[in-house]
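Okay, structure first, notes after.
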Amino acid sequence: MPPPELIIYLEPSHHSTLHTQLSNYFTATTHTPFAGNEATRYPPHTTMVGFFNTPAPPTHTTTIPAIIEHIDTWRIHLQTLTSTTPDQQPTSPKTVINGYYRPNPTLLLISITPSSYLLNLLQTLSQTFPDLGLRQKQINHLSLCYWDDVQPAVTRIPDTLLAERVESTNQATRLAQEKIPMIDILAGTTIENEGWDVVMYSIGGRNKASGLPYPLKEIKRWTLPSFV
């Protein structure tokens, strides 16, 4: 059996308002015509590192523990910053939510700006594990509605299908405004969520042609300090 692929997400912490309201939104989508669109098939997240292959045996057995140790060390360093005196507390900008945006008519996202601590983690992961070819992401959005099979900016699609998808995304926008009021209430301002988690998942036998959600298996979750 080939070694598993890995992926690293940034997710709203389970105790946070954003996680609760996103969960309400995703639950509500199950009763809509756009149920099962790509965004609703996975936990609310922004991808930090795209799917990557672990090395072939026997090296792969040491790769996952090494990545875990690296993120553990990074998380411990963050924790030490919280124990400093008040005038030495971190002053770097936190990860913030910027509001909804639609880069094209069939795509609904929540824009976020990541903290420098998260960007530092991506940089050090790439430097520490150069042989893995990690695909760093911009950590700039959470997806609420999209389809992999049709993106009008990339592929010409039938007008009827495009019209259906645009209307579905319009419906998703209205539903998001109803179910995620923490964003709508403060439209035009940045919003800070109470907490974020870095989460590493594995997946065996990824098969996009099956049409089924990838069976993600959580390996480890790191809840971050409130200033990240």
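The table below gives the values:
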| item | result |
| --- | --- |
| Under 13 Å, Cβ to Cβ, from Pro65 - net charge with Lys/Arg +1 and Asp/Glu -1 | -1 |
| Theoretical FRET efficiency, 1/(1+(r/R0)^6), r = Cβ-Cβ of Arg135 and Thr30, R0 25 Å, to 0.05 | 0.20 |
| Filter on Lys94/Lys220; Lys137/Lys179; Lys94/Lys137 - keep pairs with C-alpha separation over 25 Å | Lys137/Lys179 |
| For peptides 106-112, 169-175, sequence by mean Cβ density within 10 Å, most packed first | 106-112, 169-175 |
| Charge tally in the Cβ shell below 10 Å around Gly50, where Lys, Arg are +1 and Asp, Glu are -1, Gly50 excluded | +1 |
| Total formal charge among the other residues, if their Cβ is under 9 angstrom from that of Pro12, Lys/Arg +1 and Asp/Glu -1 | -3 |
| Semi-axes of the equivalent ellipsoid for the range 87-149, Cα gyration tensor, largest first, Å | 27, 21, 5 |
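Quick note: the coordinates plus some simple rules give every number you see, no bench work behind them. Remember, predicted model here, so these are calculated numbers, not experimental data. Ideal geometry is used to build each Cβ from the backbone, glycine not excepted, and the neighbour counts take in all protein chains shown.
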